[in-house]
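I have placed the structure first, in the form of structure tokens, so that the comments after it can refer back to it.
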Amino acid sequence: MSHFDHSASSWDSPSKVSMMMTLAEKVKENVDLGDNLSILDFGCGTGLFGLEFFDNAKSLIGMDTSTGMLEVFDEKTKKYSNIKSLKLDLESTEVQRVETDEKFDLVVSSMTFHHLNNPINVLTKLKNSLNENGKILVVDLEKEDGSFHPNNEEMGVKHYGFSQDELKSWADKLNLKINICTINKVSKNGKEYGQFLAEFH
Ligand SMILES: C[S@@+](CC[C@H](N)C(=O)[O-])C[C@H]1O[C@@H](n2cnc3c(N)ncnc32)[C@H](O)[C@@H]1O
């Protein structure tokens, strides 16, 4: 059982709910999203972040690798026929894009990229899953010293955040434009950690 399967039932703590709502609000302040979008929440967890974009959606898919997280997501969203979950690992070499009938106008992702072995490989597959003029919004930690998570190995942390140069190099390699800004600061253990929004389009 993964860390996320194990934590799923108690994931929605007041502090996480508040952080994800803040992040989603800041994204909406910074990006003109539009309406009636087909949306993918990559690494949706219990949906705390991605479901905040439901007002902009025609349809929304929450995708994750954790069965436990997706069970909570499904329970929350069962009354909405246009919200579905998908268990899929884009890091698997056999998967080249998100295998759904529709492509996406908007991919959102929060606090998931630092768990990926190969973020640029996954970003490529997300790009392959976009409609024309679609965009990918990634929210995650700015470069940190490894102290944000209490136990990096146990929690599946593969990157101690990302620098702007790293994010720009991904955009260059994928021939995408990028806008980056800091959208939040989290105080923890007497330190302050930045969270960025990167818009790939
Ligand atoms: C820190 S949680 C964030 C959850 C959610 N985005 C939120 O903001 O509340 C990271 C999530 O990424 C998922 N995850 C990790 N590796 C993944 C992968 N390769 N593909 C999809 N999801 C993944 C985990 O299962 C977990 O639900």
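The values are calculated or read from the model by the stated rules, or taken from the named source; none is laboratory data. Quick caveat, the model's predicted, so the values are computed rather than measured. Counting neighbours? That spans all protein chains shown, and the Cβs are built from the backbone with ideal geometry, glycine included.
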*Which of the residues that make up the range 123-159 are within 14 Å of the ligand (Cβ to nearest atom) and of a type in the set (Gly, Ala, Ser)?*
129, 156
_Out of the strands (runs of 3 or more DSSP E) lying entirely within the range 43-119, which hold 3 or more residues that are in contact with a Ser or Thr (Cβ under 6 Å, 6 or more places away or on another chain)?_
57-64
*For residue 30, work out the one condition from (1) farther than 16 Å from residue 130 by Cα; (2) modelled with pLDDT under 95; (3) more than 13 Å from the ligand (Cβ to nearest atom) it doesn't fulfil.*
(2)
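I'd like to know if the range 159-180 contains one or more residues that are surrounded by 13 or more Cβ atoms within 10 Å (Cβ to Cβ), on the phi < 0 side of the Ramachandran plot, touching a Ser or Thr at 6+ places or on another chain (Cβ under 8 Å) and among the acidic types (Asp, Glu).
Taking the range 159-180 first, the residues surrounded by 13 or more Cβ atoms within 10 Å (Cβ to Cβ) are 159-162, 164, 166-171, 174, 176, 178-180.
If we keep only those that are on the phi < 0 side of the Ramachandran plot as well, we get 159-160, 162, 164, 166-171, 174, 176, 178-180.
Retained after the next criterion (residues that are touching a Ser or Thr at 6+ places or on another chain (Cβ under 8 Å)): 174.
Still in the running and among the acidic types (Asp, Glu): none.
Checked the range 159-180: no residue is surrounded by 13 or more Cβ atoms within 10 Å (Cβ to Cβ), on the phi < 0 side of the Ramachandran plot, touching a Ser or Thr at 6+ places or on another chain (Cβ under 8 Å) and among the acidic types (Asp, Glu).
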*Pairs where the first residue, in the range 37-51, is over 18 Å from residue 113 (Cβ atoms) and the second is more than 7 Å from the ligand (Cβ to nearest atom) and in a strand (DSSP E or B), C-beta under 7 Å, 6+ apart*: 37/57; 37/58; 37/105; 37/106; 38/58; 38/59; 38/104; 38/105
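Just to be sure, is residue 68 near the ligand (Cβ under 8 Å from one of its atoms) and either under 20 Å from residue 126 (Cα atoms) or at pLDDT 95 or above (or both)?
Working: near the ligand (Cβ under 8 Å from one of its atoms): no; either under 20 Å from residue 126 (Cα atoms) or at pLDDT 95 or above (or both): yes.
It is false that residue 68 is near the ligand (Cβ under 8 Å from one of its atoms) and either under 20 Å from residue 126 (Cα atoms) or at pLDDT 95 or above (or both).
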*How many residues are within 14 Å of the ligand (Cβ to nearest atom) and in contact (Cβ under 8 Å) with a residue 40 or more places away in the chain when one looks only at the range 71-116?*
15
